[in-house]
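*Asks:* I am attaching a structure below and will ask some questions about it afterwards.
The values are calculated or read from the model by the stated rules, or taken from the named source; none is laboratory data. The shown structure was predicted, so the numbers you read here are calculated from the model rather than taken from an experiment. Cβ placement follows ideal geometry from the backbone for every residue including glycine, while neighbour counts extend to all protein chains displayed. Each accessible area value is taken on the protein alone, full model and side chains, heavy atoms only, with ligands, DNA and RNA left out. Shrake-Rupley method; radii C 1.70, N 1.55, O 1.52, S 1.80 Å.
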Amino acid sequence: MFAQTDVYAGTWRMEYSPDPGKTPIYIELQIASSERYILYPAHLKLRCDNFIAEYELLLVRKSTRELGISRNKYPKSEKPFGLGDWTIYLNGIFDLSKDLKGVPLLTVMRIESKLNGAPVPDSVNKDETNRSTAIRLRNFLKDAEIQLKKVNNTPWEDKIRDSILNPGFSPAYFGLVDTILLQNRDGIIRLTGNKKTNNDIVSLNLNGHAIIEQFALNK
């Protein structure tokens, strides 16, 4: 589908402005070089009105055109308020395609979440201006059609890149626990959630082949 060996590394951007008279929401995703073409440390920038934020996250290659999005997005900085758990709304996968001019695109394909009723973070309740901006950002992350266009092929480079890939030094849990090396060709995998009422969903790839796809742990 794509001539490049690794089309994901580089910078992807989008300007979202569905409401006339309101300032656009800007989103930028910088993706680092991969670890064995499977794990992609990434850096997300978000801007709306007076809100500016940067987050670290991990993307995982699920297929030739899909990148899984880590549940956690570690807030490197958020001003003048924080979004709390709202970054979880940006979940699911990035689907890779091309526009009519051949420019690569990443489109968010969300997995249904039970967090739609999450309250407004306390830090924005005190200021009506901040609250309005926060609601716009929440709706954008939760419902907007997010499609990022690639603007360059320069991989994201930062000292935190290697930390994201190392559970012992990562600033947050990005889904990595440890490397598993097996000598046997057969084995049993048990997947469990912390609570029977949680909404965690697991997909499993083994050597590039899908073994489990969106398995609900509460079942």
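*Asks:* So which residues in segment 43-67 are in contact (Cβ under 8 Å) with a residue 60 or more places away in the chain, part of a strand (DSSP E or B) and either among the aliphatic types (A, V, I, L, M) or over 30 Å from residue 210 (Cα atoms) (or both)?
*Replies:* 46, 48, 51, 57, 58, 60
*Asks:* With 164, 188 as the choices, which residue is at pLDDT 80 or above and surrounded by 12 or more Cβ atoms within 10 Å (Cβ to Cβ)?
*Replies:* 164
*Asks:* Still on this model: Please determine, by comparing only the residues of segment 1-16 that are in a strand (DSSP E or B) and charged (D, E, K, R), which one is farthest from residue 127 (Cα to Cα).
*Replies:* Checked segment 1-16; the qualifying residue farthest from residue 127 (Cα to Cα) is 13.
*Asks:* Suppose we keep only residues that are open to solvent by less than 10 Å² (accessible area, probe 1.4 Å) and not in a loop (DSSP other than H, G, I, E, B) within segment 17-42. Which one would you say is farthest from residue 165 (Cα to Cα)?
*Replies:* Per the criteria, the residue is 25.
*Asks:* A further question follows. Restricting attention to segment 43-61, which residues are of a type outside the set (A, V, I, L, M, F, W, C) and surrounded by fewer than 19 Cβ atoms within 10 Å (Cβ to Cβ)?
*Replies:* Matches in segment 43-61: 45, 47, 49, 50, 54.
*Asks:* Just to check your reading of the model, which residue among 119, 75 is modelled with pLDDT of 95 or more and open to solvent by 40 Å² or more (accessible area, probe 1.4 Å)?
*Replies:* That would be 75, the only listed residue that is modelled with pLDDT of 95 or more and open to solvent by 40 Å² or more (accessible area, probe 1.4 Å).
*Asks:* Any idea how many residues of segment 66-88 are over 9 Å from residue 55 (Cα atoms), basic (Lys, Arg) and touching a strand residue (DSSP E or B) at 6+ places or on another chain (Cβ under 7 Å)?
*Replies:* Qualifying residue count for the region: 1.
*Asks:* Sticking with this structure for a sec: Of all residues in segment 202-213, which are modelled with pLDDT of 70 or more and open to solvent by 60 Å² or more (accessible area, probe 1.4 Å)? Reasoning before the result, please.
*Replies:* The first filter runs over segment 202-213 and keeps only residues modelled with pLDDT of 70 or more, leaving 202-206, 209-213.
Listed by number, the residues that qualify are 206, 209, 210, 211, 213.
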